[in-house]
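Trainee: What follows is a single structure, and I will ask about it in a moment.
The values are calculated or read from the model by the stated rules, or taken from the named source; none is laboratory data. Just so we're clear, the structure is a prediction, and the values are computed from it rather than from any experiment. Neighbour counts are summed over all protein chains in view; Cβ atoms, including those assigned to glycine, are modelled from backbone coordinates with ideal geometry.
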Amino acid sequence: MPRAVTAIYTVFSTAAATAEAAAKLFADTANEAVTNRGRARIAISGGSTPKNMFKLLAAEPFLSEVPWAKIDLFWVDERCVPPTDADSNYKMTNEALLSHVPLPAEQIHRMEGELEPEVAASRYESQIRIAFRLEGAETPTFDLILLGMGDDGHTASLFPHTEGLDELSRIVIANHVPQKDTWRITLTWPVINQGRKVAFLIEGAAKTDVLAAVLTGPYQPDTYPSQIIRPASGKLTLLLDTAAAAKLPPAVDGTGTLNLS
Ligand SMILES: O=C1O[C@H](COP(=O)(O)O)[C@@H](O)[C@H](O)[C@H]1O
């Protein structure tokens, strides 16, 4: 039985407004975590969607508002390529964000996509264990996990019908993606669901149908891996543009709620 959660979606008229809301969520959550726990541990996604948010975070007013010195930044997933490759999630983030902000290098925890996938996954799991000071079977609770969604319904690097969807005990895995003839490194879904705040940032008409299937269709996480994201907090946040939200129940004053059971 999937966990019951409330999905709260906010719909913005432009991609720029969606990116600004995501940047605000990042800044507010980082400040809240630093106030409450002295540090903020945030995991970000790659692909193309978060680029505008990263550019906003690298400029005022967010540049001054974000407590960079107290943030540990992690990735939700990575492609198995070197950090200089055009496909690298790290490269995009470095160019749009990291090279412009005072985030200390030792607090930037990148996945080593250039290594053999299993090695990269196990090294990243160790890196997380050290950063979170985990003991034994403890798993990490990120303050914020920012997710994207592909037009095939994948999230993180949990693609439809891949073995990674069955992993329940590890923190990080190498996931073989036959449909792309490649490997990916990814946080596992139980770890994503343990995040204090878990939010999707989704834009564009290419995602309209799959988003409606994920939120309003039957529960088929093997086909639509994004459906497996049901945070333990009981709340799932989605920041959407009008195109992505076009087939969801209409939002009232920009916000809609769906009880996922
Ligand atoms: O391959 C990936 O795809 C998803 C979605 O990317 P987008 O380009 O459609 O925004 C992304 O969330 C993930 O991090 C990335 O590795």
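Trainee: Of the residues Pro50, Pro83, which single one is buried (at least 20 other Cβ atoms within 10 Å of the Cβ) and either modelled with pLDDT under 95 or within 15 Å of the ligand (Cβ to nearest atom) (or both)?
Mentor: Numbers: Pro83 fails: buried (at least 20 other Cβ atoms within 10 Å of the Cβ).
Answer to the selection: Pro50.
Trainee: Continuing with this model, one more query. Return the pair list, or none, for Cβ contacts closer than 6 Å from residues in region 152-180 that are more than 19 Å from Val119 (Cα to Cα) to residues that are in a loop (DSSP other than H, G, I, E, B) and away from the ligand (no atom under 14 Å from the Cβ), at least 6 apart or on different chains.
Mentor: Pro160/Thr223; His161/Asp222
Trainee: Looking only at residues in region 155-171 that are touching a Ser or Thr at 6+ places or on another chain (Cβ under 7 Å) and at negative phi, which one is surrounded by the fewest Cβ atoms within 10 Å (Cβ to Cβ)? Break it down stepwise before answering.
Mentor: Applying the first criterion (touching a Ser or Thr at 6+ places or on another chain (Cβ under 7 Å)) to region 155-171 yields 155-158, 160, 164, 167, 170-171.
When the remaining residues are screened for being at negative phi, the result is 155, 157-158, 160, 164, 167, 170-171.
Values: Thr155: 25, Ser157: 29, Leu158: 29, Pro160: 18, Gly164: 23, Glu167: 18, Arg170: 16, Ile171: 23.
Selected residue: Arg170.
Trainee: Right, another one. Look at region 157-173 and say how many of its residues are of a type in the set (Ser, Thr, Tyr) and out of contact with any strand residue (DSSP E or B) (no Cβ under 8 Å at 6 or more places or on another chain).
Mentor: Going residue by residue through region 157-173, those that are of a type in the set (Ser, Thr, Tyr) are 157, 162, 169.
Those left that are additionally out of contact with any strand residue (DSSP E or B) (no Cβ under 8 Å at 6 or more places or on another chain): 169.
Summing the residues that are of a type in the set (Ser, Thr, Tyr) and out of contact with any strand residue (DSSP E or B) (no Cβ under 8 Å at 6 or more places or on another chain) in region 157-173 gives 1.
Trainee: Tell me, please, whether a residue that is buried (at least 22 other Cβ atoms within 10 Å of the Cβ), of a type in the set (Gly, Ala, Ser), within 16 Å of the chain's Cα centre (by Cα) and not in a helix (DSSP H, G or I) can be found in region 113-123.
Mentor: No, there is no match, as no residue in region 113-123 is buried (at least 22 other Cβ atoms within 10 Å of the Cβ), of a type in the set (Gly, Ala, Ser), within 16 Å of the chain's Cα centre (by Cα) and not in a helix (DSSP H, G or I).
Trainee: Do we have Thr162 as β-branched (Val, Ile, Thr) and over 17 Å from the mean Cα position of the chain (by Cα) here? First the steps, then the outcome.
Mentor: On the way: β-branched (Val, Ile, Thr): yes; over 17 Å from the mean Cα position of the chain (by Cα): yes.
So Thr162 passes the test.
Trainee: Is it the case that some residue within region 198-216 is away from the ligand (no atom under 16 Å from the Cβ), farther than 27 Å from Thr139 by Cα and not in a helix (DSSP H, G or I)?
Mentor: No - not one qualifying residue is present in region 198-216.
Trainee: Let me ask something additional. Spot the failing condition for Asp222; the list is (1) surrounded by fewer than 22 Cβ atoms within 10 Å (Cβ to Cβ); (2) closer than 25 Å to Ile42 by Cα; (3) within 19 Å of the chain's Cα centre (by Cα), and only one is missed.
Mentor: It fails just one condition, (2).
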